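Comments concern the structure below.
Readers should treat all values here as calculations from the given coordinates under stated rules, not as data from a laboratory. Keep in mind the model is a prediction, meaning the values are calculated, not measured. Neighbour counts are summed over all protein chains in view; Cβ atoms, including those assigned to glycine, are modelled from backbone coordinates with ideal geometry.
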Amino acid sequence: MKILTALGLEIHPVREFCCCGASLGLGMVENWIHLPAYTLAQAERDGLDVMTLCGGCTNTLRRAQEFIGRSPVLLGQVNQTLAGLGLSYSGVARVRHLIDLLDEYLPRDDPRTMGDAGSAVALSPPCQVSRPRRLYKDRESAWERMRDIVKRIGVSIVDYPLENECCGATLLTVDRAMAIRAGSAKLRSAMAHGAETLCVACGNCLLLFDHYQKRMNLGKHLSVVTLAELVGRFMGIEDERGHTALE
């Protein structure tokens with residue numbers, strides 16, 4: 001919020017939002033779509049678009065829009081549920097990931113965003129911001145734009161073979177050991193190529209790489225920061241504790 005406000009955007013938190021529904025997605029419960037529709041309807045009511053910080057949220061909200069948009073029956077069912085809350089859904093609110101907004105509004109030549117990272121940074125792009133292909137005409141676009149944003153703030157990026165592989169976090173719901181193996185392989189790959197910090201742009205990636213890293217027996221800890229923290233560091237924006245991202 002501090003970063004986007006500094007870039008001139010007005011941010012309005014959805015005070016009564018609920019879980020996006022990713023963990024109750026396709027094939028698990030029939031009415032999962034009512035959860036994302038509820039949040040989208042609140043944004044519509046207030047005349048706003050929706051910004052997400054997580055690949056899973058982005059993907060689920062956009063899937064919901066697609067499904068409802070091609071089924072008048074489903075639209076009617078959703079609005080019947082929402083009517084009891086004084087809401088309605090029509091599909092006009094756009095769903096945008098933080099990458100979309102930073103790519104559009106972060107200046108390319110603003111001295112506030114230029115500096116020396118003091119740390120070798122590897123990236124873990126949010127895979128669900130580019131999948132499935134039918135929702136994204138250019139599936140590599142989000143990955144490339146994340147790299148461009150990080151380069152814009154003067155950070156030297158560490159390339160590594162598994163950069164565009166899924167982190168494995170979604171597997172935590174069905175096979176925790178497999179998820180940790182997938183995450184471990186990606187972190188080891190980044191560290192082997194000189195990374196001292198890993199930058200993520202998804203809550204699922206952050207959960208696996210930060211919370212579960214201690215179970216991966218990597219030999220040393222790899223610092224994990226979000227894209228927002230990294231950009232804030234170079235804009236001179238401190239967090240609630242007065243610390244910047246790479247301190």
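For residue 157, nonlocal amide neighbours, meaning residues 5 or more places apart or on other chains whose placed amide H falls under 5 Å from its own, do not occur.
For the residues 146, 178, 51, a GNM of the chain with alpha-carbon springs under 10 Å puts the largest fluctuation on 178. Considering only 162, 207, 88, and ranking their Cα positions along the charge dipole of the chain that arises from unit charges at the beta-carbon of Lys, Arg, Asp and Glu, the one farthest toward the positive end is 162.
For the chain, the dipole from Cβ point charges (+1 on Lys and Arg, -1 on Asp and Glu) about the Cα centre works out to 680 debye, to the nearest 20.
Using only Cα atoms, find the angle between the long axis of helix 72-83 and the longest principal axis of the chain, and express it within 0 to 90 degrees, rounded to the nearest 10. Around 90 degrees separate the two axes. Close amide-amide hydrogen proximity is noted between residue 224 and 198, each under 5 Å apart and 5 or more residues distant or on a separate chain (H modeled in the peptide plane; Pro and chain starts excluded).
Considering only alpha-carbon pairs that sit under 8 angstrom and 6 or more positions apart, the relative contact order computed for the chain is 18 percent.
Helix 34-45 axis versus longest C-alpha principal axis of the chain: approximately 90°, rounded to the nearest ten.
Set the Förster distance to 25 Å, then compute FRET efficiency between residue 70 and residue 175 from the Cβ-Cβ distance, nearest 0.05. Plugging the Cβ-Cβ distance into 1/(1 + (r/R0)^6) gives 0.15. Here the Karplus relation 6.51 cos²θ - 1.76 cosθ + 1.60, evaluated at θ = phi - 60°, turns the backbone of segment 150-157 into coupling constants of 5, 5, 4, 8, x, 8, 7, 8 Hz, with x for every Gly and Pro. Mean residue ellipticity at 222 nm, helices only, the chain: -11500 deg cm²/dmol; runs of at least 4 DSSP H residues each add -39,500 (n - 2.57), and the sum is divided by the number of residues.
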